[in-house]
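A short reminder: the numbers here are calculations on the coordinates, not readings from a lab. Here the structure is a predicted model, which is why all the values come from computation and not from measurement. Cβ coordinates were reconstructed from backbone atoms using ideal geometry, including for glycine residues, and neighbour counts include every protein chain displayed.
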């Protein structure tokens, strides 16, 4: 599957640098598990509202059926890295996003991070609204404000990373994806999604 091949490279050649191998990783709104299946970690957890998601995950991934705004199945300070991709824009309101970020902050260990990748309304204002299920308008700057409001220390924002969609101008062959990731100048030309990393400070423990 083309999308799966792209995600394998994204995880191995980019996202893995933020995920220690001896860590607990939580993917929120995991969908079909393109991230959680390809990232290396000691404990891998996926949460999604779609019960069909479980069938797409290998045996080493713990799946929990539920809402990202209620992670009651996870203990406080138990996760090293939280990840989500193309998720916030589907939330029905800013209040719900606040609740999601609050729960993520609760389950993260002090010093742990929330790593998210999102379509950037500022880069693709037309395409952003071509999807009927896109509800919440977000740019890299407004998302940064949301993370800060929730109590995260925002330690990195990349306003342009990969193209808006894996069906767009992103080269699909794994070798070409690898090359793309190694040339940030191409991100400036083709990027339509942003990356944000928020850290839970020790004082929030």
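So here's what we get for this one:
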| read-out | value |
| --- | --- |
| Förster radius 25 Å - calculated FRET efficiency between residue 55 and residue 172, Cβ distance, rounded to 0.05 | 0.50 |
| Theoretical ellipticity at 222 nm over the chain - DSSP helices of four or more residues, -39500 (n - 2.57) apiece, nearest 500 | -7500 deg cm²/dmol |
| Fewest-first ranking of 195, 19, using other Cβ atoms within 10 Å as the exposure measure | 19, 195 |
| Exposure proxy order (Cβ contacts within 10 Å, fewest to most) of 155, 28 | 155, 28 |
| Choice from 52, 130, 77 showing the highest fluctuation, given a GNM over the chain with Cα pairs closer than 10 Å | 130 |
| Approximate spin-label separation residue 1-residue 131, in nm, with each point projected 7 Å along Cα-to-Cβ | 1.6 |
| Highest-fluctuation residue, 44, 149, 109 considered, GNM on the chain with Cα pairs under 10 Å | 149 |
| Of 65, 136, 175, the one that fluctuates the most in a GNM where the chain has Cα springs shorter than 10 Å | 175 |
| Residues 42, 24, sorted so that the one with the fewest Cβ neighbours within 10 Å comes first | 42, 24 |
